[in-house]
Amino acid sequence: MAGAKDLVLRIYTSPRTHRILPAPLALALVGAIEPPLRRLRNPVEEADAERLVSDLLQFTSRAGETRAVTRRHLRERSVMRELFWRPWLLRRARIIDAHRWDEAREGGRGSVVVLAHIGASWAVPGILGLRGYKDFRLVGSAHMWEPLPPNLVGRTDTFRIREYGARMLGAERLIPNTVDPDRLIELVEQGLSVGVAFDVPGSAATPFLGRSVALTSVPASLAFRTKVKVLPVIAERHGTRMHLRMLEPLDPADYRDLSALRAAIARTYEAIVLTRPESVENAWYPSPLVTEALTSQAASAPSPED
C-alpha cells in the first residue's frame, strides 16, 4: 500500500505528467472537477476555506459574498496547483510596469521588494530570475535548507525550492529567514534588492481589512533602517500565464514612523485582496491576515526583526 501511494505521488509530482494535457484544457478540467472531488474526500478543506474567506471579508463591503468567493477560491487553488507543476510556462511571463524597478532603485540604490502570499508567490523569484534581475535576493523560510519528508507537502516544497528558487533565480540568491538582520542591512546598502513577504506571522500590530492583525515588521523596518524605497510586487494569473506586476514604490521618508509605513504596505495589498479575495493563498493556518494582534507594537524600534 505504501509503495502504491509513493508511486502515485511520484507520478503526480513529475512535470512530465503535467505535459500530457495542454495547459488550457488541464486548467479547465481541474477547475471544474477537482473542487467537488476534494470536497467529497475531505469536507474540512472547504470549511477551512470558507472560514478564511469569511474572516477576510468580515469587516468589508463584500462580507455577504462569502459562499460565492469560497467557491471561486477553491477553484483558483486547484488551478494554481496545476500551474505550479508547469514551470516551463514562466518562460512566457512578463513584468507589468517594470519601470517601477528603476524608480525604487533610483541612483543605483538598493530596495526592499515586498511580496505577499496572494496569487502565486512561488512564481515571483522565478519570473525575476528568468527576466535577468540579478540584483534581487529572496528571504525564504529556513526549512528550505532542511531535509524534507517524501510526502506531498515535502515534494511540493522541494520542487518549489529547486525549480523556482535554485534553478530560475539561483541558489546563491536565496537567504534563510534566520539570517542575522544586520546581513540584510548590508545587502541593501550594497545596492541589492531584498525580497521579504509582508504577510508573515509576527508581533507587529498592522491594520488590514478592518482589523488589527499580527504581522512581521521586517519589510518596513529594513526600509526605515536603510532609508531605501519599498517596491511591492504581486504575481497575477492571466489564463494559463503568470505575470509579475510591480506596484508604486513607497518612500519611508514620506511616513512619520515605522507603523505608518507598515500600514501603507498593508493598504497596497488590501486593495488587491478586496478585488480578488479568492487569490489569497493558504500559506498558514490560521492565516496571519486574519489573526488579530493581541498587543500593539511600538513603532520606535526600526530594526529588521519580528
Practice problem: Give the residue, chosen from Glu281, Glu292, Glu248, that is of a type in the set (D, E, K, R) and buried (at least 16 other Cβ atoms within 10 Å of the Cβ). | Solution: Glu281
Practice problem: Determine the pairs where a residue that is of a type in the set (Phe, Trp, Tyr), located within region 260-281, has a partner that is in a helix (DSSP H, G or I) with Cβ atoms under 9 Å apart, the partner being 6 or more residues away or on another chain. | Solution: Tyr269/Leu289
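Polar (S, T, N, Q) and either over 18 Å from Val194 (Cβ atoms) or out of contact with any Lys or Arg (no Cβ under 9 Å at 6 or more places or on another chain) (or both): is that true of Thr226 in this structure? Full working, then the answer.
Working: polar (S, T, N, Q): yes; either over 18 Å from Val194 (Cβ atoms) or out of contact with any Lys or Arg (no Cβ under 9 Å at 6 or more places or on another chain) (or both): no.
Criteria not met by Thr226.
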Quiz item: Among the residues of region 15-24, is there at least one that is aliphatic (A, V, I, L, M), part of a helix (DSSP H, G or I), exposed (fewer than 14 other Cβ atoms within 10 Å of the Cβ) and under 25 Å from the mean Cα position of the chain (by Cα)?
Solution: no
Practice problem: Answer with yes or no whether Gly129 is among the small types (Gly, Ala, Ser), assigned to a helix (DSSP H, G or I), over 25 Å from Glu292 (Cβ atoms) and in contact (Cβ under 8 Å) with a residue 12 or more places away in the chain. | Solution: yes
Exercise. Mind telling me which of the residues Leu192, Leu169, Leu130 ends up being surrounded by 16 or more Cβ atoms within 10 Å (Cβ to Cβ), within 19 Å of Met246 (Cα to Cα), among the hydrophobic types (A, V, I, L, M, F, W, C) and under 17 Å from the mean Cα position of the chain (by Cα)?
Key: Leu169
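Hey, among the residues in region 43-55 that are surrounded by 11 or more Cβ atoms within 10 Å (Cβ to Cβ) and of a type outside the set (A, V, I, L, M, F, W, C), which one's nearest to Leu289 (Cα to Cα)?
So the residue we want is Asp55.
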Quiz item: What number of residues within region 77-117 satisfy the criterion of being crowded, with 21+ Cβ neighbours inside 10 Å, assigned to a loop (DSSP other than H, G, I, E, B) and among the charged types (D, E, K, R)?
Solution: 0
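Go through region 1-60 and report how many residues are among the hydroxyl-bearing types (Ser, Thr, Tyr) and touching a Gly at 6+ places or on another chain (Cβ under 8 Å). Lay out the reasoning, then the answer.
So in region 1-60, the residues among the hydroxyl-bearing types (Ser, Thr, Tyr) come out as 12-14, 17, 54, 60.
This time we only want the ones that are touching a Gly at 6+ places or on another chain (Cβ under 8 Å), so: 60.
Residues meeting the conditions: 1.
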Quiz item: Among (1) at pLDDT below 95; (2) of a type in the set (Asp, Glu); (3) closer than 22 Å to Ile265 by Cβ, which single condition is Asp135 missing?
Solution: (1)
Self-check item: Qualifying positions in region 243-253 - within 17 Å of the chain's Cα centre (by Cα) and part of a strand (DSSP E or B)
Solution: His243, Leu244, Arg245, Met246
Quiz item: For residues in region 67-124 being of a type in the set (S, T, N, Q) and farther than 26 Å from Arg262 by Cβ, which is nearest to the chain's Cα centre (by Cα)?
Solution: Ser78
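The values are calculated or read from the model by the stated rules, or taken from the named source; none is laboratory data. Since the model is a prediction, treat every value here as computed from it, not as a measurement. Every residue, glycine as well, gets a Cβ built from its backbone with ideal geometry; the counts of neighbours run over all protein chains shown.
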